[in-house]
Amino acid sequence: SAEEGPDTYIFNYQGAMAAISLMPTPVPNGEAEYYAQNNYRWKDAVETTKKHTAQLMVSVLGQAVGAKNASELLVKMVATCCKQQGVLGIYANETVYQPEFYEACAAMMKDQLFPLMNLVWFSLYGGKNGGVSAYTCGMESLGYDEIEILDSKASMGEVVDLLLNICTYVVTENVILKDGETIGFTEDQKLPIRRSKGIAVDGESLKITY
């Protein structure tokens, strides 16, 4: 079933309630432009975001179907909205995605893969001792702790790849990582896990030593 208003479309899908609403104004207080700075994959993110004059708000309430199913529905809806003329970016997970990147990541669902890159952003920043620090934004929405790597001496690419591998493992296998455990992707790799107050994220987070 579906309901339509002048600026809102609401429908139910397999137990989830979804909505798309048109807001004829920009995201308030320059918030989208601020978070667009986090997208290191898109050099024109900030300048492009500054051009927006309206927004589509896409939401899914899917407690009955579970976080993963609701998240997949959300990604399908947003990817469909990306095909509308005039779409400049997707503001989610404390960044602004380039529409082409978002659609390409969403297309993974055609191969029965979970669209992790649409739902979790991997932010990078400089560590206190000159290394690379990174954190996830979006794992909490899927029911897991956010993950941080602090001041690693590895390259930015290696740090992001590690975070992606860990998050993929956690989400696809439904694994709860715990304080004091280790994780690794080779026989010899045993990376310590510590759960404590977040450095770059709110609340508790998992810190992976790398």
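The values are calculated or read from the model by the stated rules, or taken from the named source; none is laboratory data. None of the values given here were measured: they were computed from a predicted structure. Every residue, glycine as well, gets a Cβ built from its backbone with ideal geometry; the counts of neighbours run over all protein chains shown. Side chains included, ligands, DNA and RNA excluded: accessible areas come from the protein's heavy atoms. Shrake-Rupley method; radii C 1.70, N 1.55, O 1.52, S 1.80 Å.
By definition, a body whose alpha carbon gyration tensor gives a ≥ b ≥ c is oblate when a/c is 1.5 or more and a/b is not larger than b/c, and region 1-126 fits this oblate description. The share of C-alpha pairs in the chain whose separation exceeds 33 Å stands at 18 percent.
Among residues other than GLY138 with Cβ under 11 Å from its Cβ, the summed charge is -3 (Lys and Arg +1, Asp and Glu -1). Legend: residue pairs LYS43/LYS68; LYS50/LYS128; LYS128/LYS197; LYS128/LYS153; LYS128/LYS207; LYS153/LYS190, Cα-Cα distance threshold 20 Å; pairs beyond threshold, LYS43/LYS68; LYS50/LYS128. For a paramagnetic label modelled at 7 Å from the Cα of LEU22 toward its Cβ, which residues of region 53-76 fall within the zone defined by backbone nitrogen distances under 15 Å? Only 53-58 fall inside the zone, counting backbone N under 15 Å.
Taking all protein chains together and rolling a 1.4 Å probe, THR53 ends up with roughly 100 Å² accessible.
If you take the charge dipole of the chain about its Cα centre, with +1 on Lys and Arg Cβ and -1 on Asp and Glu Cβ, which of GLN85, THR172, TRP42 is farthest toward its positive end? So the residue furthest toward the plus end is TRP42.
Using a simple spin-label model with pseudo-atoms 7 Å out from Cα toward Cβ, CYS81 and GLU173 lie 3.4 nm apart. Return the carbon/sulfur percentage of the accessible area of the chain, one whole number, probe 1.4 Å, all protein chains in place. Heavy-atom surface of the chain belonging to carbon and sulfur, 1.4 Å probe: 51 percent.
Using the Karplus curve 6.51 cos²θ - 1.76 cosθ + 1.60 with θ = phi - 60°, work out ³J(HN,Hα) for each residue of region 204-210 in order, rounded to whole Hz, and write x for Gly and Pro. In residue order, the calculated couplings are 7, 8, 8, 9, 9, 7, 9 Hz. Each residue of region 179-184 was assigned a 3J(HN,Hα) from its phi angle through the Karplus curve 6.51 cos²θ - 1.76 cosθ + 1.60 (θ = phi - 60°); the sequence is 4, x, 7, 10, 9, x Hz, with glycine and proline shown as x. Taking θ as phi - 60° and the Karplus parameters 6.51, -1.76 and 1.60, the scalar couplings of region 18-31 work out to 10, 8, 10, 10, 8, 10, x, 9, x, 4, x, 6, x, 4 Hz in sequence order, x denoting glycine and proline. The largest accessible area among ILE199, ILE10 belongs to the first residue in ILE199, ILE10, and the rest follow in falling order (1.4 Å probe, all chains).
When +1 charges are put on Lys and Arg Cβ atoms and -1 charges on Asp and Glu Cβ atoms, the dipole computed for region 47-123 relative to its Cα centre reaches about 140 debye. Taking the centroid of alpha carbons for each part, region 169-194 and region 41-104 are 30 Å apart.
Determine, for each peptide in 58-64, 126-132, the mean count of other beta carbons within 10 angstrom over its residues, then list the peptides with the highest first.
Packing order, densest peptide first, comes out as 58-64, 126-132.
Note on the chain: with charges restricted to the Cβ of Lys and Arg (+1) and Asp and Glu (-1), its dipole about the Cα centre is near 200 debye.
In terms of its C-alpha gyration tensor, region 1-71 has an oblate overall shape, because the principal axis ratio a/c (a ≥ b ≥ c, square roots of the eigenvalues) is not below 1.5 and a/b does not outweigh b/c.
Legend: residues PHE122, PHE114, sorted from most to least accessible area (1.4 Å probe; ligands, DNA and RNA excluded), read PHE114, PHE122.
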